[in-house]
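> My questions will all concern the structure given below.
Bear in mind these aren't lab numbers, they're just calculated from the coordinates by the rules spelled out. Since the structure is predicted, the reported quantities are computational estimates derived from the model, not experimental observations. Backbone-built Cβ (ideal geometry, glycine too); neighbour counts: all protein chains shown.
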Amino acid sequence: MALVNENFLSLASGYLFPEIARRTKAWQERNLGEKVLRLGIGNTTEAITPHIAKAMHDKIDLLSDRTTYTGYGDEQGDTALRKALRDFYHKQYGVELEDTDFFISDGAKSDAANIQELFSSSMIVAVQDPAYPVYVDSNVVGGRSTGFNGTNYDGFVYLESNSENGFIPDVPAQKVDLIYLCFPNNPTGAVINHAQLKKFVDYALENKAIIIYDAAYTDYIREPGYVRTIYEIEGAKRCAIEINSFSKNAGFTGVRLGWAIVPESLESENGGPGTIHRLWNRRQCTFFNGASNIAQAGGLAALSEKGREECKGLVDYYLGNADIIKKGLESVGLTCYGGVNSPYIWARCPCGLSSWDFFDFLLEHAHVVVTPGSGFGPAGEGYVRVSSYGHREDIIKAVEAIKEHIND
Ligand code: PLP
């Protein structure tokens, strides 16, 4: 008889987005013909830009001709794209990495979920609370929790991010082995400065821990003084893996393309320098057949001067939406965080409402869908995440509806 992997059974049921979809569908069935305005999921809405789209069209033309057709590429990714990323990190951030440190993937979510496979199931995991759910869920499946206790998972160390600490948690008070950090943060919109992140890098080096740094929103940082890649911090190449993506800057949420940086110089307690890098290479070669060559052609174009300009335009658009949302919500007295160097606004629920109560209120009265903060971890209770991904006209309508109905 086949037995299922019991770690999967430890996952708490009712993943956030299906529950939002269920409540929204139920509301629509009760309110036939009414339009719902969605500021919930972080899904891009604007078209892929001309230079990047053309590069993908050109690649399709090459694939359509047997003399220029290519099949499988390197599992680690296209050499030209890896070199372009290396040059980009040098030019944009002043950071020196090897092209072989870059592993191209089908997106940051897969890498964020898969990277834990490299580590022993006995590792103690620390996560920001609230956090993007995949860090926790993948480690539950990896057998690093003894189960869900109704609030959070036993065995994990939750680094509370709240308004008192500016949503930048302190380093763990105890010894942990893996630390997941995400800046600009989903869901709080917080950004981290060099002194704050240095504390984590110093902690990791002292405790022989590894930081998994999710920088998927780094292109949204427009103010100086914030970290754009963890490798800006001295010593990070010995203790940090970074994951990133073309989803939120080039609009590749559906195209699917990302990368992980696993430096050769990364250290592990039982492996020495090079082991983690080698094992990730082994993992990708065994379980992954490389990212789409069409997507990679688009990624290469996105890193060109013209492509960067276009991506900046796209990010500017979403930041413009974020500004409208933040100002609109604040104008009716809601306390908001984020939304400046980030596409997400983290809004405190008024009148002591819980996250789901405020979600239901906004759906019922303003016909607007947001994301309940409690879905990102216990410290998200009492907040909702408002996403700036949407057409400008819909964003304006949604903000006006919230302003009109907030005092219902
Ligand atoms: N990391 C964070 C923090 C995210 O918010 C998201 C998507 O919303 C991802 C990763 C996933 O990115 P990708 O589309 O590259 O899988």
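> For the pairs 198/237; 198/248; 109/199; 109/326; 306/327; 59/83, flag any whose C-alpha to C-alpha distance is greater than 21 Å.
In this structure, 198/248; 109/199; 109/326; 306/327 exceed 21 Å between Cα atoms.
> While we're looking at this one, here's another question. Can you give the net charge of the other residues whose Cβ lies under 14 Å from the Cβ of residue 317, counting K and R as +1 and D and E as -1?
-4
> On to the next question. So what are the ³J(HN,Hα) numbers for the stretch 29-37, from phi and the Karplus equation (6.51, -1.76, 1.60; θ = phi - 60°), rounded to whole Hz, Gly and Pro as x?
5, 7, 10, 3, x, 7, 8, 9, 9
> Okay, next question. Hey, got the dipole for the stretch 50-173? About the Cα centre, +1 on K and R Cβ, -1 on D and E Cβ, debye to the nearest 20?
Charge dipole, the stretch 50-173, about its Cα centre: 280 debye, nearest 20.
> Where does the charge balance sit around residue 391 when Lys and Arg score +1, Asp and Glu -1, over other residues with C-beta under 11 Å from its C-beta?
0
> While we're looking at this one, here's another question. Can you compute the helix-only [θ] at 222 nm over the chain? Use -39500 (n - 2.57) per DSSP H run of at least 4 residues, normalise by all residues, nearest 500 deg cm²/dmol.
-11500 deg cm²/dmol
> Moving on. Using amide H atoms built 1.01 Å from N in the peptide plane, name the residues 5+ places from residue 210, or on other chains, whose amide H lies under 5 Å from its own.
HN-HN under 5 Å from residue 210: 178, 179.
> Let me ask something additional. Send over the Kirkwood Rh of the stretch 30-139, from the inverse of the averaged 1/r over different Cα pairs, rounded to one decimal Å.
This gives a value of 18.7 Å.
> What is the Cα coordinate range of the stretch 227-369 on the first, second and third principal axes, sorted by size from largest, in whole angstrom?
Largest first, the stretch 227-369 extends 55, 39, 31 Å along its Cα principal axes.
> Where does each of 381-388, 293-300 land if you order them by average Cβ count within 10 Å, highest first?
Per-residue mean Cβ counts within 10 Å order the peptides as 381-388, 293-300.
> Tally Lys and Arg at +1 and Asp and Glu at -1 over the other residues with C-beta under 13 Å from the C-beta of residue 20: what net charge comes out?
So the environment of residue 20 carries a net charge of +3.
> Also, quick follow-up: So, R0 is 41 Å and r is the distance between the beta-carbons of residue 6 and residue 74; what FRET efficiency does that work out to, to 0.05?
Efficiency computed from Cβ-Cβ geometry: 0.70.
> Another question, if that's okay. Semi-axes, largest first, in whole Å: what does sqrt of 5 times each Cα gyration tensor eigenvalue give for the stretch 139-285?
Equivalent ellipsoid of the stretch 139-285: 22, 21, 18 Å, largest first.
> What list of ³J(HN,Hα) values in whole Hz, one per residue of the stretch 366-378 in order, does the Karplus curve 6.51 cos²θ - 1.76 cosθ + 1.60 (θ = phi - 60°) give from phi, with Gly and Pro shown as x?
9, 6, 10, 9, 10, 10, x, x, 5, x, 9, x, x
> So if I place +1 on the C-beta of Lys and Arg and -1 on the C-beta of Asp and Glu, and nothing else carries charge, what would the dipole magnitude of the chain be about its Cα centre? I want it in debye, nearest 20.
Computed charge dipole of the chain: roughly 420 debye.
> How much space per residue, in cubic angstrom, does the convex hull of the C-alpha atoms of the chain take up?
In the chain, the Cα convex hull volume per residue is 168 Å³.
> May I ask you to give the average projected area over all directions of the convex hull of the Cα atoms of the stretch 141-206, in nm² rounded to one decimal?
5.5
> Explain nothing, just the number: dipole magnitude of the stretch 208-289 about its Cα centre with +1 on each Lys and Arg Cβ and -1 on each Asp and Glu Cβ, in debye rounded to the nearest 20.
The calculated dipole for the stretch 208-289 is roughly 300 debye.
> Under a crude label model (7 Å from the Cα following the beta-carbon direction), how far is residue 331 from residue 408 in nanometres?
Spacing of the two 7 Å Cα→Cβ label points: 1.9 nm.
> Which residue, chosen from 367, 254, 95, occupies the Cα position most advanced towards the positive end of the dipole of the chain, where the dipole is computed from +1 (Lys, Arg) and -1 (Asp, Glu) charges on Cβ about the Cα centre?
254
> Can you give the FRET efficiency for residue 30 and residue 149, using 1/(1 + (r/R0)^6), R0 = 41 Å, r = Cβ-Cβ distance, to the nearest 0.05?
Given R0 = 41 Å and the Cβ-Cβ separation, E is 0.75.
> Report the gain in length on full extension from residue 174 to residue 162: 0.36 nm times residue separation, minus Cα-Cα distance, nm rounded to one decimal.
2.4 nm
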